[in-house]
Each structure stands twice: as C-alpha cells, then as structure tokens.
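Read through the structure below, which is laid out as structure tokens, and then see the notes.
The values are calculated or read from the model by the stated rules, or taken from the named source; none is laboratory data. Computed from a predicted structure; not experimentally measured. Note that each Cβ is placed from the backbone with ideal geometry, even for glycine, and that neighbours are counted across all protein chains shown.
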Amino acid sequence: MNIEIRRTFDLLDHLVVNYPKDDILAGKVAGEWVKYSSHDYYKFAHFLAYGFVELGLKPGDRVITISHNCPEWNFVDMALAMSGIIHVPVYPTLSTANYLHILRHSEARLVLVSSKKLLMHIRPAIDQLEQKPDVYTMSAIDGERRILEILKLGIASRDKHMGFIEQQKEHIQPDDWTTLIYTSGTTGDPKGVMLSHRNLCSNFLAHAQVQPCDHTCRFLSFLPLNHIYERSMNYHYQYLGISIYYAEGLGTIAQNMNEIGCDGFCAVPRVMEMFYDKLYAAGKDLKGISKVIYKHAFSHGMRYDYTRKRFNIGFQLMQQFYDRAVYRKWREKFGGHRLTVITGGSSIQERMVRLFAAAGIRIYEGYGLSETSPVIAVNNPKDGLVRIGTVGPILKGVEVKFDDDGEILTRGPHVMLGYFKDPDYTAQVIDPDGWFHTGDIGTLVANRYLKITDRKKDIFKLSAGKYIAPQLIENRMRESEYIDQIMVVGENEKQCAALVSPNFNTLHYWALKHHLHYRDNAELIELPEVRTKYQKVIDEYNKTFAPHEQIKRFRLVQEEWTADNGLLSPTLKLKRAILMNKYKDDINALFGKDEPSRPGLLSAFRSIELPTIKLPKKE
C-alpha cells in the first residue's frame, strides 16, 4: 500500500503497512540488543503523544531533548510531531552558556534528558532561569521524574486524547513548523533554524532515491540525532524499511557493526580517517610477504576509480587479488558485508574515498546545511553518478546557482522557514527571490558535479592582493599521516603560514623508530629532527600549490584539536576565531611580530630616565 509521506509522522503508518518488521529500531541495554518492532514504534509514539497533551503541552510549545542516540528518541520525535509541538533536539556536549542561551531563546516548556550525567551537565543552566521548564529523564535517576510517567499518563488518558491527536494529524500541513535546530556554529550564539515537515520530507525522500540498500539491511547510527544530517538519514532509513541499530558509543562502532552484520552507516570524515589510521597501523605489524602485499593493497586502492574497473583488465585482476588477500578481511572487521557509507559535514580526502571504494566500502559524499534540511548534493555510486573530489550531482527537487563571487545559492522545498526570532538575519541569507545564500564557494565540474572550494568568510587576501582559500590547502595537507589538523593563516601578510596539530600516534611511532627521546608532546615537537620531518612533509605538498598558496612557515602545537576541548565544532570544523585567539602569540611569531608578554631587562632599563653625569673623555 502506498502511504503518501507529507509529514514526518506519516512514516509510522508507512512502516506498519509496508515494513512490519521486528527490529525497525534497536539499542543496547546491559550488553544486550533490545529491539522494537514497527508496531511497537507506532504505539509508543502515540501513547507518548497522549501523555504530552495530558501534561498540558499545546501545539507550538517547544520541547528540548538532550540525549545520546537511542530508539526512545524516535518515539519522542514522532509524538511531538503529531501533536504539533516543536521538537528542539540539542547537542549533549554544549557549554553551560550555550545551554542557557538555547533554553531562554526557545522558551522551552519541557526538557527531556537521557542520563544523570547529561542532567548534571545542563542543571547549572536551568538553575539560572527565572521560568524553569519541567525536566524528565529517560533513565531511572533518584528524585527525578521519568519519561515513563508521561507514557503511563498517555496510556491512562488514551480515550481522552486519541480524538484530539487524530484531529491534529489531519490538521497539520506540510508547510507547518515542526522542529527547531540550533546550529553549532564556529562563533557566537547558536542560531535557531526553523524547519517544516515539507523541508524534512522533501529532502529525505529525495536522497533515499540514491540509496542501494533496502528493508533487508541493517544500518548502525552513531552521529548525534540532534544534528539534522543524522536525523534526516534516520528518516531515510525508515522510509526504506532499513533497520536502525544505535551504537553504544564511538569506541564500540566496529564491535557493534560486527554484531549486527552491518550494511552501512553515516559518518563524518574524521570517523573514516580513524578507520583508515587503524587499518594503516595494522600493516606495520606484519612481516615478510604479507607486509608487502598489504602495502601494495593500499597503493592499488588509492588509484581506484568507480569507472576504471570496467575498462582496465589488469586493474580488475589485481582488484580481485587484493580483495581476497586484504580487503575482504577489512570488511570482516565491520560485519562482513559490502558497506554503504554516507559522509558529510566536511570534505573527505580523495585517497580515502578511493581506498574504501576499492575495499567494497562505497562512500556517498554529500553536502548541505542545517538551513537546507540538509542535503543539496550527493554522489551516487549506485547509478554511476559520482565524481571523486566533488560532492556529487544536485539532489532532485533542489535548485542551485552561483553568485558573482562563486557563492553557492540554493532554492526549493528544502530551504528553511527562517531563523527563530531573527527576521533580519533571515532576510540577509534568503533573498526576495527565495535563494538561500550558503556562505560556501563552489563550482560545477563537468556541468554536473558540485565541488566546494571554501567558506566565503574564510577566504583571505595576502598583502600582494592574491586570494587564499585555506580549506583547499588544509584538506590537501591533512592527507598526510603526520598531520591531524592544520589551520592556514596569513591575512594581509606577504605569505601563507600554518599551525599544525600533529597526528601524535603516527609521530610517536616515527620517533620510536628513530630512537628520539622526549618526556611529553611539548618536548617532542621542539626536537630538530621532528621539525625537519614536518618541513619535508609540507614541502612535498607545497609542490602541488601555486607559489602564493605554499606554506612558507609553520608551527607545531602540542594540543590535539577536538570538539571536546572547544577547538573544533561538534561537526569537526575548525573554530578559526577561537584558534586564532588561542595561538595569537604563535601566529605573531610566524610573521615576525613577536611581542614579549612582559617587559624584559632591556625594556625595564630603557623605561628609567637617567640623570646627567660627567662622562670620561678620550685622552
């Protein structure tokens, strides 16, 4: 039976009618997978909807969820959607200041928190509010109200509120506001993006068409569901009847994939880099011919192309050999299946796309923003519509054009309703003709494939007038196994320079092999041998850039840049303003602008005015 998907909660009828399976959603409890059927999903969502109404929540009210991925998140999401209540999913890793801003700005009436740890994390922000929202927890915490109480209210008040919810489901229109997404951002307070049912449904229905998997498949979910990227993909899976298993955490991804016989997952490039690093490191422990074959499998994979295998017989034969000898064993670590991996959030290195594709792990690299629900373009290996190094063809139903300066503009049903309580900024990014200005610079390759070249606000100019697109340089440099993160600087300077956060796992291994002695990372990065090594790495990549784009100076830093320490956004983008401030002394030194932080002896002496005295004269 064909159920028309016009609102997100239409997925519930769609699943019950077309995919009545026993494990549409699953999560781990006490080491065991707990599975929910399509009927369970339908019933829990509806009873929670009755419970929210019994609590006194009304259409248009805002409810915040702060939760790690779990099946129950979906029950809440659908219950709120069919009730006309606005779902405000929030990152579980924000600062107290950000939580306070979101609580005040959204005027949330209810907060749902998944664990005691997260409750303690958000409590300082709630305590500062004059009007405090009700707080419920998903797990059992002494002294706290549980979401099970809302469920029980819904069961008890079923006859009372069933009619109202059914009326709401009929009344809610595709263009009605359904969720408020606070963008992570790299500077300033998060902005609230208002998305409608049409925004969400038009987008996931479009990108589901490029998916090679079906209702017989199982996908692992571990990126935060509060982010529109993973959330949209979860709708996408449900539309196709794909079972969704929620990982216990980032540290258990490979184990969980193996347990469920995984067919795919969503990732950000950093996750794929972690997989790559582990696979690469595994080869270092091999001996003899096994080590040689393993090394050549990497080299072969990095020359792979989605079209090349059809035309080069020699390449196909080597592909079959390396698949039996190496790649098949990689897949066994991830569940044994050929995998479908969707990546977004930032650019993934071309060599990784090639290597993983050669190993039967096909990467569907895409591009989008929270404001565009989110997908604008995505590569499609299933239909042969893929160009490595781009983010693929424009999604069906999405319009794209380029402004005079190369900025990507987009228009269509995927573009947000606007920013909550901020019509002025909304008008700045959505012009009168409905074009959303993404802030990204790009171009079309072969008149079909979208290529992102940089963020408009990140591009800077050297003193000689030459423009620098730092992301292009950074993405290329990060292909090195020795570089974890890098930030290119040099606005209004004569030349480019960079701050480099090393890949310390690789660097430690290299230092051990060269018998270097050091106490900690701070001492390690100061060793002349390390400096020389990184100079060689950077010099090699500099050969691929125009002279004005080459990194002339660099500084190694002892810290890793992560989302946890606030130097990367939750989607693992550089927080440039914060990094620039943190390393301002290092940046000044790179450009010969060293300023002592306290007066030295010379400046102290020069500050004293001396009285005149008689000086000796030459005889």
Out of 10, 23, report the one residue that is within 17 Å of residue 234 (Cβ to Cβ) and either modelled with pLDDT under 95 or touching a strand residue (DSSP E or B) at 6+ places or on another chain (Cβ under 9 Å) (or both). 23
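Part of a helix (DSSP H, G or I) and either of a type in the set (Ser, Thr, Tyr) or in contact with a helix residue (DSSP H, G or I) (Cβ under 6 Å, 6 or more places away or on another chain) (or both) - does that describe any residue in the range 89-99? Step through it out loud before you land on a result.
Taking the range 89-99 as the starting set, the residues that turn out to be part of a helix (DSSP H, G or I) are 96-99.
Next, only the ones that are either of a type in the set (Ser, Thr, Tyr) or in contact with a helix residue (DSSP H, G or I) (Cβ under 6 Å, 6 or more places away or on another chain) (or both) stay: 96, 99.
Yes, the conditions are met somewhere in the range 89-99.
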Of the residues that sit in the range 1-41 and are in contact (Cβ under 8 Å) with a residue 24 or more places away in the chain and assigned to a strand (DSSP E or B), which one is nearest to residue 242 (Cα to Cα)? 25
Residue 65: of a type in the set (Ser, Thr, Tyr) and assigned to a loop (DSSP other than H, G, I, E, B), yes or no? no
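Could you list all residues from the range 397-406 that are on the phi < 0 side of the Ramachandran plot and either acidic (Asp, Glu) or modelled with pLDDT under 95 (or both)? Spell out how you get there, then give the answer.
So the first thing to find is which residues in the range 397-406 are on the phi < 0 side of the Ramachandran plot, and the list is 398-405.
399, 403, 404, 405 - these are the residues of the range 397-406 that are on the phi < 0 side of the Ramachandran plot and either acidic (Asp, Glu) or modelled with pLDDT under 95 (or both).
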I'm trying to understand the selection: among the residues of the range 389-415, which are in contact (Cβ under 8 Å) with a residue 24 or more places away in the chain, surrounded by fewer than 21 Cβ atoms within 10 Å (Cβ to Cβ) and outside any strand (DSSP E or B)? 389, 396, 397, 403, 405, 406, 413
Counting only residues that are touching a residue at least 60 places away in the same chain (Cβ under 8 Å) and surrounded by fewer than 14 Cβ atoms within 10 Å (Cβ to Cβ), the range 274-293 contains a total of 2
Looking at (1) in a loop (DSSP other than H, G, I, E, B); (2) surrounded by fewer than 15 Cβ atoms within 10 Å (Cβ to Cβ), find the lone condition where residue 320 falls short. (1)
Checking residue 371 against (1) at pLDDT 95 or above; (2) touching a Cys at 6+ places or on another chain (Cβ under 8 Å); (3) not in a strand (DSSP E or B): exactly one of these is not met. Which one? (2)
Within the group 443, 453, which residue is surrounded by fewer than 19 Cβ atoms within 10 Å (Cβ to Cβ), under 30 Å from residue 280 (Cα atoms) and in contact (Cβ under 8 Å) with a residue 40 or more places away in the chain? 453
Is one or more of the residues making up the range 253-261 on the phi < 0 side of the Ramachandran plot, free of Cβ contacts under 8 Å to residues at least 12 places away in the same chain, out of contact with any helix residue (DSSP H, G or I) (no Cβ under 9 Å at 6 or more places or on another chain) and not assigned by TED's automatic domain parsing to the domain that holds residue 440? yes
Return yes or no: is residue 60 outside any helix (DSSP H, G or I), among the small types (Gly, Ala, Ser) and without any contact (Cβ under 8 Å) to a residue 24 or more places away in the chain? no
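Those residues that are in a loop (DSSP other than H, G, I, E, B) and hydrophobic (A, V, I, L, M, F, W, C), I need them from the range 291-317; list them, please.
Restricting attention to the range 291-317, the residues satisfying the condition of being in a loop (DSSP other than H, G, I, E, B) are 302-307, 311-312.
302, 311 - these are the residues of the range 291-317 that are in a loop (DSSP other than H, G, I, E, B) and hydrophobic (A, V, I, L, M, F, W, C).
This table checks each residue for (1) under 17 Å from residue 45 (Cα atoms); (2) among the aliphatic types (A, V, I, L, M); (3) assigned to a strand (DSSP E or B).
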site: 82; (1), (2), (3): yes, yes, no
site: 87; (1), (2), (3): yes, no, yes
site: 121; (1), (2), (3): no, no, no
site: 139; (1), (2), (3): no, no, no
site: 155; (1), (2), (3): yes, yes, no
